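The values are calculated or read from the model by the stated rules, or taken from the named source; none is laboratory data. The structure presented is a predicted model; accordingly, all values stated were derived computationally and were not measured. Quick reminder, even Gly has a Cβ in these numbers, built from the backbone with ideal geometry, and neighbours come from all protein chains shown. Areas reflect the complete protein model, heavy atoms only, side chains present, ligands, DNA and RNA absent. Shrake-Rupley method; radii C 1.70, N 1.55, O 1.52, S 1.80 Å.
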Amino acid sequence: MFSPIAEIHLDRLIRNYRKIQQHVGDAVVMPVVKANGYGHGAIPVAKSLQQEGVKFFAVFTFDEAVELRENGIDGDILIFCRMTTDILSSAVDLNITLNIAHKDDIAYLTEFSHKTGKCPKVHLKVDTGMTRLGVDFEKLYGLLGKIITINGINLEGIYTHFATSDEGDPAYTELQIQRFNEVVTMSKKLNLPIKYYHIANSGGVLNHPNSYFNMVRVGMLMYGAYPSDETTECIKVEPVMNFKGPIVLMRRVKAGTPVSYGSVYAPERDANIGVIQTGFADGFPRNWYKHGYVGYRGKEYKIAGRVCMDQFMVNFESDMPKIGDEVLFFGDNGENRIRIEDVALDVDLTTYVLMTAIGGRTKRVYVNE
Ligand SMILES: Cc1ncc(COP(=O)(O)O)c(C=O)c1O
């Protein structure tokens, strides 16, 4: 049976992780495995990181954390989303770490801990400039005071999130780091028993060595891609995923024959046109057809016409590949290397959007070379 394939190289993931850990020195690396491990499969990714000795993971939702727990991940799991009162009890039972993102969350935790005598572990999220979740850093002093006077809040960490760490201009990120440093100083003055301070994401790790504190939360870089074309590539990572699809039919067409919807493409010379069974419903970036290509046996061949929901066509010129052979969309298979970063730039999306879109009928196949 034909289908698109996301071939996940767990050995590359581990090598990337090791390089990042080596680069950030004593800071703990907390791998971010939300959104199904950025499309790589959260459970196999987390399991292989756990085998490597990783003890902290981050996801977005409570359900994502529960799924990891139920599949044998026993390290700490921090969830990034806003807490709700219905998860507090299970968070205690499953040892899932929540975050305080608003002053009301302190009230929820206080009430819960007074009622039950228990409290889940929490990290306090401070908004230093992203203007998303998090307590406004200017109002923090009062809140921190409140936390120390309320018995039972189990505050293990304080963190914030960068808005522009993967951009060339460092000014706004440096302002966020400066604000976070003030937060750290404040919490130390109040003698809060905080174990972890964290702010850096992949962009921070690559562009801002002063942002590591004692923990970094890394997603994209660990999956082997750079967050943008404005970060350094000071850590050389390998793409963890090879995204590819099968050639299911070849046909010979005359020069000028229109190919695919809208008839916007026609080969200039007589050509062998291949049909690839992968479409935008599987996460193939539709707009890539304008300048895009696929890799096959060391050569690159142009995408012929618009990408359809389930399939698209490729101009193999005078070459005649075998039915059932696969073409590479992005990744590195030894014969071809197509950078997801280049595709993202061309279609005006980010590597994050492209990776997390992969799905539909795509089969994930795990390789541990
Ligand atoms: C709060 C938070 N921290 C860390 C990350 C990891 O970011 P990156 O994939 O750029 O390393 C994310 C991802 O979006 C995030 O939302």
Over segment 54-80, the set of residues out of contact with any strand residue (DSSP E or B) (no Cβ under 8 Å at 6 or more places or on another chain) and in a loop (DSSP other than H, G, I, E, B) is ASN71, GLY72, ASP74
Expected single match for touching a residue at least 12 places away in the same chain (Cβ under 8 Å) and touching a Ser or Thr at 6+ places or on another chain (Cβ under 6 Å) among GLY279, GLY245, GLY292, GLY283 is GLY245
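Listed here are the residues, each with its yes/no results for (1) out of contact with any His (no Cβ under 6 Å at 6 or more places or on another chain); (2) modelled with pLDDT of 95 or more; (3) assigned to a strand (DSSP E or B).
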site: ALA107; (1), (2), (3): yes, no, no
site: VAL122; (1), (2), (3): yes, yes, yes
site: LEU140; (1), (2), (3): yes, no, no
site: GLY145; (1), (2), (3): yes, no, no
site: ILE148; (1), (2), (3): yes, no, no
site: ASN151; (1), (2), (3): yes, no, no
site: GLU167; (1), (2), (3): yes, yes, no
Conditions (1) touching a strand residue (DSSP E or B) at 6+ places or on another chain (Cβ under 8 Å); (2) away from the ligand (no atom under 13 Å from the Cβ); (3) of a type in the set (Ser, Thr, Tyr); (4) at pLDDT 95 or above -> THR160 fails only (2)
Only one of VAL367, VAL327 is surrounded by 21 or more Cβ atoms within 10 Å (Cβ to Cβ) and touching a residue at least 60 places away in the same chain (Cβ under 8 Å), namely VAL327
Restricting segment 196-221 to residues that are in a loop (DSSP other than H, G, I, E, B) and more than 18 Å from the chain's Cα centre (by Cα), the one farthest from the ligand (Cβ to nearest atom) turns out to be ASN214
Exactly one of PRO227, PRO193, PRO209 is surrounded by 13 or more Cβ atoms within 10 Å (Cβ to Cβ) and in contact (Cβ under 8 Å) with a residue 12 or more places away in the chain, and that one is PRO227
Of those in segment 44-60 that are of a type in the set (A, V, I, L, M, F, W, C) and buried (at least 17 other Cβ atoms within 10 Å of the Cβ), the residue nearest to HIS9 (Cα to Cα) is VAL45
Residues of segment 14-41 being touching an Asp or Glu at 6+ places or on another chain (Cβ under 9 Å) and open to solvent by less than 10 Å² (accessible area, probe 1.4 Å), in sequence order, are ASN16, MET30, VAL33
In segment 294-303, is there at least one residue being open to solvent by 40 Å² or more (accessible area, probe 1.4 Å), out of contact with any Asp or Glu (no Cβ under 9 Å at 6 or more places or on another chain) and over 30 Å from GLN22 (Cα atoms)? yes
Filter segment 83-103 for residues that are farther than 20 Å from SER187 by Cα and surrounded by fewer than 17 Cβ atoms within 10 Å (Cβ to Cβ); the one that is nearest to the ligand (Cβ to nearest atom) is THR84
Residue hits (segment 248-272; of a type outside the set (A, V, I, L, M, F, W, C) and either part of a loop (DSSP other than H, G, I, E, B) or modelled with pLDDT under 95 (or both)) are LYS254, GLY256, THR257, PRO258, SER260, PRO267, GLU268, ARG269, ASP270
Per the list (1) exposed (fewer than 14 other Cβ atoms within 10 Å of the Cβ); (2) part of a strand (DSSP E or B), residue check on VAL314 breaks on (1)
One residue is enough: does segment 100-114 have a residue meeting the conditions among the small types (Gly, Ala, Ser) and within 20 Å of the chain's Cα centre (by Cα)? no
